[in-house]
Amino acid sequence: MVCQSKKMMIIAEMMQSRSNANILELFACIESIRKQIPISTQAVLLSQNNTNLPDYLTHYNIDITHIELPDHAHTADPEYIIKILMPRVKTFSPDLILSNHSSFGLSIVPLLGFGYGASCITGVKEISISDGNLIYSRLIWNGKYETQVSAEKKTTAITVLTGFFTDNIHYNKKGKLIHLKPTERLEGSIELKDIKKPDKSDCTLDHADVIVAAGRGIGDIENLDRMKKFSKIFQRSSIGGSRPLIDLGWLPYPLQVGVTGKTVRPKIYIACGISGSSQHIAGMSGAEYIIAINIDPQAAIFNVADLCIVEDMFTFIDAVLKIIRDT
Amino acid sequence: MKILVCIKQIPELNVFNINHSQKRLNIPIGTKFRMNRFDEHAIEAAVAIKEQTTDCQIDVVSVAPPSVESILKRAMGMGADNAFIVSIEPETYYSPAHIAGQLAKFAQERCYDLIFTGIMSEDEMNAQTGQMLAAHLHMPSVTGVVAMDMTNKLSIEREREGGIREKLIAKMPILLTIQAGINCPRYPSLSALLRAKKKKVQIIEYENQLDNDQSIIQISPAQKMRKGLILSGSTSEKARQFIDIVTRKGVI
């Protein structure tokens with residue numbers, strides 16, 4: 001079957017003082033499609049005032065429009081961003097719009113999908129082709145199940161899950177580059193007052209060889225001491241936690257692993273009573289070796305684990321501590 | 001002030017049988033439902049505002065089969081004033097775009113100052129419905145709200161990645177999608193629940209032409225990303241194997 005070349009449009013935000021891993025993931029996603037069907041790609045990259053486009057981003061054979069937002073504008077005002085983007089979307093008329101499954105992507109893509117009349121599919125982890133149509137896999141139920149979804153509209157707008165398109169691609173062929181500084185003004189109803197950054201001084205998790213991470217399965221704050229005891233049997237270890245524990249205030253924020261917390265790459269990651277939501281997995285899937293302890297044999301965390309232990313976490317931890325004590 | 005909170009019910013199940021022919025997870029008759037966790041935070045956020053202001057009305061709405069009534073009554077037990085069901089068929093797939101369209105029909109004439117939704121549902125995890133509803137209503141929206149203060153102006157904290165938070169000042173009307181961590185949802189008192197039980201939940205039905213922008217063509221257990229070795233034996237045998245493995249990795 002001969003497919004016509006499909007038009008892909010990347011929409012992403014360049015974050016100040018951060019690597020552009022989010023953009024490279026979208027490039028990798030594009031590459032996974034390019035391997036299956038002929039495509040042409042345009043990327044619209046938004047940045048705050050006075051941010052240069054790093055040169056390495058221009059070597060992926062992708063045409064880039066770099067939009068430098070004026071002083072008064074910011075990506076926290078999705079209406080403004082849509083106003084800037086919509087004419088460019090209309091001119092390019094893409095078959096597929098891709099953004100990250102992130103605070104930026106999720107604030108923009110549903111609005112763009114609605115405004116442009118596109119199918120809107122969020123949290124995509126894989127794209128395949130069937131009869132010339134793109135099929136999107138997405139995780140549901142905290143990552144326990146996945147659905148294959150097809151779009152009904154001519155254009156589709158998707159957000160791509162972090163940690164699933166990680167291939168390194170090397171092109172060394174420059175795409176076209178356009179630099180724009182929009183002058184559009186909008187009576188914005190959302191005003192950015194301040195950006196609060198987390199305290200950089202706490203790098204406990206960055207320096208740990210072993211992270212023993214606790215999830216909702218811990219049950220009670222009293223049990224945290226048992227977890228700490230367990231973590232102490234490893235050298236250079238730290239305790240960490242999934243989001244629910246931090247929301248409950250049981251562990252301090254710098255120990256949160258996941259999209260909204262830290263991304264960690266320890267030698268060994270031991271997930272105890274963690275269900276394995278895609279948000280958590282995005283923060284720890286880069287660990288060298290992953291051990292999951294969970295009483296639910298269907299917990300999604302087992303899908304990313306090298307070693308699966310189906311046990312009540314505390315029964316198991318007590319058994320381990322007993323053996324260590326006795327030897 | 002009029003606040004609308006949109007909520008969803010979630011089946012209280014951990015494991016499902018997959019209905020391959022209908023491309024969905026089977027929910028056996030008699031399954032209990034609970035409120036989507038993020039929506040509990042959204043209701044709590046609304047009730048917190050009501051407690052600080054005079055003349056504040058909270059409506060809750062769910063686009064769901066009529067069986068959602070008990071969840072809406074719980075929301076009223078938490079402090080919401082009125083509850084509505086926009087009725088749809090059970091066991092049918094509705095995409096977020098369709099649900100947002102139904103919600104928009106409901107909200108259009110009612111002139112809300114604030115609309116809250118949970119950041120996403122725990123089952124389908126789309127994180128779209130709120131923003132799309134805002135687009136329908138030509139209302140601005142902020143996603144992932146983790147703090148809110150209304151003493152002077154509406155000031156909001158929005159969560160970004162890696163622990164970054166944006167402090168925003170916003171004008172009403174506005175739609176906010178609420179992230180966990182903003183508050184600790186209250187347990188409704190027994191007396192509040194009993195009072196809520198007596199209240200009526202209004203059922204509304206719109207001409208319901210299915211307008212899904214996407215179709216589910218297959219559903220399956222999630223694929224494995226790593227080939228996990230599953231330990232077998234008694235607990236202490238597994239503990240021994242575990243210790244062997246981590247010892248060989250040189251971390252004990």
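Only one entry in B:55, B:39 is touching a residue at least 40 places away in the same chain (Cβ under 8 Å) and at positive phi, namely B:55. Using beta carbons and a limit of 7 Å, which pairs, at least six apart or on different chains, have the first residue in the stretch A:102-127 and under 15 Å from residue A:147 (Cα atoms) and the second one in a helix (DSSP H, G or I) and of a type in the set (A, V, I, L, M)? The qualifying pairs are A:120/A:109; A:120/B:97; A:122/A:106; A:122/A:109; A:127/A:33. Being surrounded by 24 or more Cβ atoms within 10 Å (Cβ to Cβ) and closer than 23 Å to residue B:143 by Cβ is true of residue A:113.
Within the stretch B:200-224, being more than 7 Å from every other protein chain (Cβ to nearest Cβ) and surrounded by 12 or more Cβ atoms within 10 Å (Cβ to Cβ) holds for B:201, B:202, B:203, B:204, B:206, B:208, B:211. Residues in the stretch A:124-149 that are under 28 Å from residue A:280 (Cβ atoms) and among the hydroxyl-bearing types (Ser, Thr, Tyr): A:128, A:136, A:137, A:145, A:147.
Of the residues making up the stretch A:202-222, those that are surrounded by fewer than 17 Cβ atoms within 10 Å (Cβ to Cβ) and within 24 Å of residue A:142 (Cβ to Cβ) number 4. Considering each residue of the stretch A:79-89 in turn, none proves to be in the same structural domain as residue A:49 (by TED's automatic domain parsing), buried (at least 23 other Cβ atoms within 10 Å of the Cβ) and in contact with a Lys or Arg (Cβ under 8 Å, 6 or more places away or on another chain).
Elements of the type strands (runs of 3 or more DSSP E) sitting completely within the stretch A:158-218 and holding at least 3 residues that are more than 29 Å from residue B:157 (Cβ to Cβ): these cover A:177-180.
Being closer than 17 Å to residue A:99 by Cα, modelled with pLDDT of 90 or more and either touching a helix residue (DSSP H, G or I) at 6+ places or on another chain (Cβ under 9 Å) or not β-branched (Val, Ile, Thr) (or both) is a property that residue A:9 has.
Residue count for the stretch B:5-19 satisfying the condition of being away from chain A (no Cβ under 12 Å) and exposed (fewer than 13 other Cβ atoms within 10 Å of the Cβ): 1. Counting the residues of the stretch A:278-327 that are β-branched (Val, Ile, Thr) and under 29 Å from the mean Cα position of the chain (by Cα) gives 9.
Scanning the stretch A:212-223 finds one or more residues that are without any contact (Cβ under 8 Å) to a residue 60 or more places away in the chain and within 11 Å of chain B (Cβ to nearest Cβ). Taking the stated definitions as given, is residue A:143 small (Gly, Ala, Ser) and buried (at least 18 other Cβ atoms within 10 Å of the Cβ)? So residue A:143 fits the description; yes.
Can you pull out every residue in the stretch A:116-136 that is more than 15 Å from residue A:154 (Cα to Cα), buried (at least 21 other Cβ atoms within 10 Å of the Cβ) and among the polar types (S, T, N, Q)? Matches in the stretch A:116-136: A:122 only.
Which of the residues that make up the stretch A:181-197 are at pLDDT 80 or above and either out of contact with any His (no Cβ under 7 Å at 6 or more places or on another chain) or of a type in the set (Val, Ile, Thr) (or both)? Within the stretch A:181-197, A:181, A:182, A:183, A:189, A:190, A:191, A:193, A:194, A:195, A:196, A:197 qualify. Every residue in the stretch B:225-252 that is facing another protein chain (nearest Cβ under 7 Å) and of a type in the set (Lys, Arg), please. Scanning the stretch B:225-252 gives B:226, B:238, B:240, B:249. Applying the criterion of at least 3 residues that are of a type outside the set (A, V, I, L, M, F, W, C), more than 7 Å from every other protein chain (Cβ to nearest Cβ) and out of contact with any Gly (no Cβ under 6 Å at 6 or more places or on another chain) to the strands (runs of 3 or more DSSP E) found wholly in the stretch A:59-147 leaves A:63-68, A:119-130, A:133-140.
The values are calculated or read from the model by the stated rules, or taken from the named source; none is laboratory data. The model shown is predicted, which means the values in this text are computed figures rather than measured ones. Here Cβ is always computed from backbone atoms with ideal geometry, including for glycine, and neighbour counts include all displayed protein chains.
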